[in-house]
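Sharing a structure below in structure tokens format, with a few things to ask.
Any read-out appearing in this document is the output of simple, stated calculations on the displayed coordinates, not a laboratory observation. Since we're looking at a predicted model, the values are computed, not measured. Every residue, glycine among them, receives a Cβ derived from its backbone with ideal geometry; neighbour counts consider all protein chains shown.
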Amino acid sequence: MDDHARATIGVTDFCQEKLGEIYSLRLPEEGEEIIKDETFGVVEAKNGRHEFTAPITGEIIEVNYEAVEVPEIINEDPLAEGWLLKVEMSSSTEFDDLLTEEEYAEHLSEAEDMED
């Protein structure tokens, strides 16, 4: 992987279910930078207002304006049509900090166990 890997940022299926119906979405513009662990956008949904936290640092190269205009597509297809941003990462080493799909599922089941 080169030092300028690209990543797509979106909402997991689990997250969109917890949010409920999404009413509005506010995202940064193309060319702006997001910083890992800092807020980059806001979603208004049935279950409240939530801020998105950046999982990586990089420059936004594409914004899903369709999701901004028709945020319901995030509920309908969060993993494909409902993506949020495409980012050119500042450092591909940040990929190492992200969870795989299996690790995320394990994290969710552990969190549910703690709630019981």
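Just add up the charged neighbours of E21: K/R +1, D/E -1, any other residue whose Cβ is under 11 Å from the Cβ of E21.
Values: positive: K46; negative: E17, E44, E72, E76.
Net local charge, E21 excluded: -3.
Give the calculated FRET efficiency between A80 and R6 to the nearest 0.05, with a Förster radius of 22 Å applied to their Cβ-Cβ distance.
0.85
If I model a spin label at R26 and V68 as a point 7 Å from the Cα along the Cα→Cβ vector, what separation in nanometres do I get?
It works out to 1.3 nm between the two label points.
Have a look at Q16, L27, L79 and report the one farthest towards the positive end of the charge dipole of the chain, computed about the Cα centre with Cβ charges (Lys/Arg +1, Asp/Glu -1).
The residue sitting farthest along the positive end of the dipole is L27.
Relative contact order for the chain using alpha-carbon pairs under 8 Å, separation at least 6, rounded to a whole percent?
Computed over the chain, the figure is 32 percent.
With each run of n ≥ 4 DSSP H residues scored as -39500 (n - 2.57), what mean residue ellipticity at 222 nm is computed for the chain after dividing by its residue count and rounding to the nearest 500 deg cm²/dmol?
Result for the chain, helices only: -7500 deg cm²/dmol.
What is the distance in Å between the Cα centroid of the stretch 24-42 and that of the stretch 83-103?
Between the Cα centres of the stretch 24-42 and the stretch 83-103 lies a distance of 15 Å.
Taking percent of Cα pairs over 23 Å apart straight from the coordinates, which label in (i) 72; (ii) 36; (iii) 31 is the correct one?
Structure-derived value, by its label: (iii).
Also, I was wondering about something else. What is the set of long-range amide H partners of S91 at a cut-off below 5 Å, with H atoms built 1.01 Å from backbone N?
T57
Tell me which residues come under 5 Å, amide H to amide H, from Y23 once H is placed; ignore anything under 5 positions away on its chain.
E44, A45, K46
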